[in-house]
Structures are given as C-alpha cells and as structure tokens.
1. Two decimals, Cα atoms only, Kirkwood Rh: what is Rg/Rh over the range 118-179?
2. R0 = 51 Å: FRET efficiency of K317 with A113, Cβ-based, nearest 0.05?
3. What number do you get for the range 6-98 when its Cα radius of gyration is normalised by 2.2 N^0.38 Å, N = residues?
4. Looking at the chain from every direction and averaging, what is the projected area of its Cα convex hull in nm²?
5. If you add up the charges near L214, with Lys and Arg at +1 and Asp and Glu at -1, over every other residue whose beta carbon is less than 14 angstrom from its beta carbon, what do you get?
6. How large is the convex hull of the C-alpha atoms of the range 163-312 per residue, in Å³?
7. Let me have the 222 nm mean residue ellipticity of the chain computed from DSSP H runs of 4+ only, each contributing -39500 (n - 2.57), with the sum over all residues rounded to the nearest 500.
8. Which log10 I(q)/I(0) values does the range 261-328 give at q = 0.14, 0.16, 0.23, 0.25 Å⁻¹ under the Debye formula, counting every alpha carbon as one identical point scatterer?
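Laboratory data are not the source of any read-out in this text; all were calculated from the coordinates shown. Here the structure is a predicted model, which means the values were calculated and not measured. Note that we place each Cβ from the backbone using ideal geometry, even for glycine, and neighbour counts take in every protein chain shown.
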Amino acid sequence: MKPLPRLGVFGGGQLGRMLAMAALPLEVACSFYETQADAPAAVLGPTFGDSSDSDAALAAFLASADVFTYEFENIDIALVERIAASKPVYPGIASLRQAQHRLQEKSLFAELAIPTPAWRAVHALSDLEAAARDLGLPLVVKTTTLGYDGKGQYVVRTPADISDCWQTLGAQASLIAESFVSFRRELSIIAVRGKDGETVIYPLSENQHQQGILALSVVPAPALDDAVRRQAEDYIRRLLEHLQHVGALTLELFETADGLLANEMAPRVHNSGHWSIEGADCSQFENHVRAVLGLPLGSTACPRPTAMLNVLGQHPKREQVLAVPGAHLHLYGKSARPGRKLGHITVSADTLAQLQVAIARLRACLPG
Ligand SMILES: Nc1ncnc2c1ncn2[C@@H]1O[C@H](COP(=O)(O)OP(=O)(O)O)[C@@H](O)[C@H]1O
Ligand SMILES: [Mg+2]
C-alpha cells in the first residue's frame, strides 16, 4: 500500500486537532504551522512556526508535509502563497481571499445572486452616517477582516451610537455596516467538494449563539421547509463551483420570513459541524481530509437527530456529562478562560423530543 501524502495544517487549534484525529486512522501524518507549543493540535503532530513568520520556520513547515490546508481563514495570504508556489494548498487561494474579507465575501454573494442583508462599505464616519440613513437602524457594524465569534462588531441602535461605534471600531480598520436582521433562526450548511468536483452536503444545522459565540447546534434543523433546504444547497453549490473549492466550505444563513439571507462563509470545517463526528456517517473532518488528499468522499447522512453544545469558559464535570445517555465529551486541552471554547458535547437520540430532553440535561451540566 503506497503511503498517503502528509498533511500540513496552518493553525493548531481545536479544528486542527480534530482534522488530525480524523487523519490518524487513514495513516495520514499531520504537522502544524502554529507558534503555541501547547496548542490543542500539538499532541497530534509536530508544530512549526514562530511569531515573526521567519523563513526558516516556513521552510521547515513546507518540508514537513506534501499537501497543505488551513483551520482558520485569518492567515496572511502571502504566507500561504509561498507554500502554494511549490506544494498544493486546498482550499485554494481564491476561497481564502474571498472569505477573509467581509466586503469581498458580500460582493461575491451578490455576484452569485445569493441574497444577503443590505450592506454598505464604511471607510469614514460619514459613510457610517450615510449607511444609517440609507439602511435604517439598528445596524450591525463589523470589521472587514479578522473578526470571529462576534469579535470586532458593534450594534448601532440609536443615532447617538454612531460616533461611539466609529471610535471603537473605525479608527483601526475598514468596516461593513449591515441591516440588523430579525431572523427566525440561524442555520448553517456545510459541503465538501473533492478535486474531481464530487460534492457532498451535510444536513442543515440550526444554530443558537450566546454573545456572538455558537452555543448549540441541532441537526437536521427541525421543521425545515424542503424548499429552504434546496435553496441553501443551491447557494453553497454556486460558491463551490465558482471558487473551484476543494475541501469543506461552510455557509452561515439567516432564515427570515422572506427566505434565506447569507451571513458569511468559512473555507474550512466549522464549529456548527462538530456534531458530525458522532452524528454523521462520515464527519466533516474526515471528509475534509479525504477531499484535500483526493480520496473518495464519505456519506454525510445523519441517521438520528443530533445536537452539539459548546463548552465555553469553564469545564463541566466529566462524570456528569458522560452520565447523560448517548453523550460524547470532546475537550480540547485548553485552560479555562471566560468565553473560551474549551470543548463540545454531542448527543444523538431517536426522536427530536428525546434529543430536547438530552440537551436540557447537558445544559444543566455546563457551568454558567
Ligand atoms: N446583520 C445581522 N443581523 C442580525 N444579527 C447578526 C447580523 N450579523 C451578525 N449577526 C449575529 O452575530 C453573530 C456573529 O456574526 P458573524 O457575522 O457570523 O461574525 P463571526 O465571524 O464573529 O461569526 C451571528 O451569528 C449573528 O447571531
Ligand atoms: Mg459567524
């Protein structure tokens, strides 16, 4: 049996850790570009990288693997381009570039006729004032780059907030102002595309956030209209094809009375897909590894209703979580800090009603 290519991952957080856990049984060795020696993924392979992104660190990382991927999109494109000059990187630079910048991302959605909340680019205080006039309040104002888990955002509710918002966010960065959407609920869809164009799509997840951070996903999204599901699948297929994407792609959506609006995309495995480790035939992590290595993709079927609860800020009591029938605890080896993603719990049940009971029991296990 010929050995599979080695996989180099930009980033060594929990997503890198779970990618490497999925790669292990396939005998795919992983290495990570990561400066923290105690990063979650470091137990699964060697880490390279230093705080100055030195040539030596990048060269060592380049030599450590045959195919490269990333676990987060906020990477310096120039670094990825240097790797891509000599070895394959999936998903490609086009996917990375579009997903890194909220204005480019929203422009791409428009180009592909994927509806979004109304938005305006903001480069000056006067742009923000004009956006408030044109779109009305409230506005969700976001930095165009480097935002995650609700960071780099400000909800402008009254005209008096405008200057404070500009002081808080605008001074350092370019911004996007979006209409505040009173959505029914948030959904996400994850698809994985192989090098040959083979595409598999996971059932949609219903997602609840707390302070901008994902708290709960339920899959398949309960009571989902079939036309809405097909619409979401159509949107993500348009993105995959346009970008010639290889690997996992996530699209976050708002479900409104008038249909779906696209919020943002991530060119990677996603927190709202962690349920798939136990809940799907083949997890998002394994399918991403398969896709970037050119292997056949696995089934995305979700045989039983499944939930994922994030462990945020404080660790739960292990025994208490594991006493809930069907529960699986995934901890990432991180120390506790307010709001930090320390792990997640998945649970499946035969019916949605039974799943709700399990979710309630698991919620009671989570401190805070
Ligand atoms: N235009 C909007 N209207 C209403 N809520 C929003 C809007 N944009 C973002 N949010 C809320 O903030 C959360 C985080 O915003 P998002 O754009 O997804 O940024 P992040 O990169 O931090 O995930 C969303 O999941 C949603 O709950
Ligand atoms: Mg988001």
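1. Working: Rg = 10.0 Å, Rh = 11.0 Å.
Radius of gyration relative to Kirkwood radius: 0.91.
2. Working: r = 49 Å, r/R0 = 0.96.
For K317 and A113, the calculated efficiency is 0.55.
3. Details: Rg = 11.9 Å, N = 93, 2.2 N^0.38 = 12.3 Å.
Expressed relative to 2.2 N^0.38 Å, the Cα Rg reads 0.97.
4. Values: hull surface 75.1 nm².
If you wrap the Cα atoms of the chain in a convex hull and average its projections, you get 18.8 nm².
5. Numbers: positive: K151, R185, R340, K341; negative: D149, E186, E206, E252, E264.
Charge balance in the 14 Å sphere: -1.
6. Numbers: hull volume 20.7 nm³, N = 150.
Each residue corresponds to 138 Å³ of Cα convex hull volume.
7. Values: 12 runs with 112 residues, N = 368.
Only helices count here, giving -8500 deg cm²/dmol.
8. -0.57, -0.72, -1.08, -1.14
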